[in-house]
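Novice: Take this structure first; my questions come after.
The values are calculated or read from the model by the stated rules, or taken from the named source; none is laboratory data. Being a predicted model, the structure only gives us computed values, none of them experimental. With ideal geometry, Cβ positions are generated from the backbone for all residues, glycine too; neighbour counts draw on all protein chains shown.
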Amino acid sequence: MNKKLKALFIVAMLMALIAMTVACFETNNNEINEEPNSVRGTSRFLLQRSSKATVTCDKNPKVCDSIRGSGGPNCCNNKCVDLSTDELNCRRCGKKCLHSKMCCEGKCVNPMTNEKHCGKCGNKYLIRSGSILF
């Protein structure tokens, strides 16, 4: 009887362990973490309207200079970008840098090997007696 009791106890412990493990990884997909902006919530009418401005840089390129934090002074594919640092538009619209390179001063450079842009744009490195100084 003692062996049967031990076996039953082990099976019960394993089942409890499995149940706890499954419970830890279950997620409730019905929960919505969005909080309304007001006490009454947000209406459907307001959700349908875009909060973005209707002025676009393809029709008015000067908008990139006038909007603070726009991304840059140049307009490429209806987006304000900085052609000197944007990796998808490096020096000109549509010129992409390879995955291992970054756009510095309008040129695609490898930050691991470039002396003028070591690790990031504009970071020069010096070598003195075998040690690298950043």
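Novice: I need the full set of residues from region 45-77 which are at pLDDT 60 or above and either hydroxyl-bearing (Ser, Thr, Tyr) or part of a helix (DSSP H, G or I) (or both), in order please. Show your work before the answer.
Specialist: To start, the set of residues in region 45-77 that are at pLDDT 60 or above comprises 55-77.
Result: THR56, VAL63, CYS64, ASP65, SER66, SER70.
Novice: Moving to a separate point now. If you check CYS103 against the conditions, is it within 24 Å of TYR125 (Cβ to Cβ) and in contact (Cβ under 8 Å) with a residue 12 or more places away in the chain?
Specialist: yes
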